[in-house]
Structure formats: structure tokens, C-alpha cells
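Colleague: Below: one structure in C-alpha cells.
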Amino acid sequence: MRARDLAVEYETVSVDSDAMDAARLMAEHNLPALLVLDERGEPRAILPASQMIKMLVPAYVVEDPTLAAVVDEKHADRLCQALAGRRVGDCLPHEATPPPTADPDHTALEVAALMARVRSPLVAVTERSKGRRTAESTRLLGVITASHLLHELLGAAEASDSP
């Protein structure tokens, strides 16, 4: 199995997308993370759902979790208001690194090793091409999620165990 065969369409957002819309997208599609694209449509970062949750929790509660018990439900119900007026780029960690990318010809094991090394729930499969003026551009072919890769690897293992 090659990365191009494992890649599937996946929800993406841009750095300028509305943060509330991105959170809704994660929630509605039960996504562990979103792939964030830059203004050219190239992979820029991965926004984990846990990072979106962190944006909702007041900093003082993150620093001292015992304070969460004293916040009443009325205020807790309004946590999502913290995303109002923010862009996805505002929600990315300051140390956001480019997302892991795989070449279309990488094997399933190469993709698995990359995921394990960088502890990422997804890998973008990209193809690089040179333009007319030798400027390189990147085209997103799809995404391989950890759960999809596990599904495929387990399926291959079960098939090889069958008589």
C-alpha cells in the first residue's frame, strides 16, 4: 500500500477561517484534528481538537484545575464564546510546526513511522511540482488518519492470516 492509495479526502480549514466554524466542523464530524492550509492552499499546521478545547478553558483554570470546580454551570455553558471573533490562526499553538507530510509513493510503514515519530493523528499526502519559473508548489492529495491507517494495516494482517 502506498500513501496515494491510503489518502482520503479530509476536512480542511484555512488560517483565516472562523474558529467557531472550525470547532463545529470538528464536533459534527467527530474529528481528532483539522488540517490547516495557508493562503496558497498548502498544508500549514494541524489543529488538534484538544487545542481547541484549550482555547475554551480560561488560562487560570488550566494553571489551577481545582478552580474548575468553583465555576458554575451558567458560566461553563458559555465557554465557546471564547472562540467568537477568532480565526483558526489565532488558535494554533505559538510553536506550531508544519504538519507531517508523506510523498505519494511512501509505503504504509513509512507513513506509520512518520506518525509515530511526530505523534500526529494525521499525515498530509502531498505532491510537489515545479512551476514555469521553477517555483515549487505543493498539491494536497489527501490525508491519512491514524485510525484509517490502523484499519488498513489490520485488514492486511487479517487477510494474510487467512488460509
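Residues checked against (1) in contact with a strand residue (DSSP E or B) (Cβ under 8 Å, 6 or more places away or on another chain); (2) within 18 Å of Glu95 (Cα to Cα):
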position	(1), (2)
Val13	yes, no
His29	no, no
Glu39	yes, no
Glu42	yes, no
Leu47	yes, yes
Leu56	no, no
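Colleague: Limited to the range 84-102, what total is found for residues that are in contact (Cβ under 8 Å) with a residue 60 or more places away in the chain and over 20 Å from Met20 (Cα atoms)?
Modeller: Adding up the residues that qualify gives 2.
Colleague: Follow-up. Please go through the range 35-55 and pick out each residue that is of a type outside the set (S, T, N, Q) and surrounded by fewer than 15 Cβ atoms within 10 Å (Cβ to Cβ).
Modeller: Glu39, Arg40, Gly41, Ile53, Lys54
Colleague: Ok, one more. Could you tell me whether the range 58-75 includes any residue that is surrounded by fewer than 11 Cβ atoms within 10 Å (Cβ to Cβ), over 18 Å from Val123 (Cβ atoms) and among the basic types (Lys, Arg)?
Modeller: yes
Colleague: Do you know which residues across the range 1-55 are in a helix (DSSP H, G or I) and under 12 Å from Thr145 (Cβ atoms)?
Modeller: Leu6, His29
Colleague: Name the residues in the range 79-118 that are closer than 17 Å to His148 by Cβ and exposed (fewer than 12 other Cβ atoms within 10 Å of the Cβ), would you?
Modeller: Once the filter is applied, which keeps residues that are closer than 17 Å to His148 by Cβ and exposed (fewer than 12 other Cβ atoms within 10 Å of the Cβ), the range 79-118 yields Leu109, Ala116.
Colleague: Identify the single condition in (1) modelled with pLDDT under 95; (2) in a loop (DSSP other than H, G, I, E, B); (3) not hydrophobic (A, V, I, L, M, F, W, C) that Asp105 does not satisfy, given that it satisfies every other one.
Modeller: (1)
Colleague: Sticking with this structure for a sec: Would you mind finding the one in Glu136, Glu110, Glu152 that is in contact with a strand residue (DSSP E or B) (Cβ under 8 Å, 6 or more places away or on another chain), modelled with pLDDT under 95 and either closer than 23 Å to Met26 by Cα or acidic (Asp, Glu) (or both)?
Modeller: Only one candidate passes the filter, namely Glu136.
The values are calculated or read from the model by the stated rules, or taken from the named source; none is laboratory data. All of these numbers come straight from a predicted model, not from anything done at the bench. As a convention, Cβ positions derive from the backbone with ideal geometry for all residues, glycine included, and neighbour counts pool all protein chains shown.
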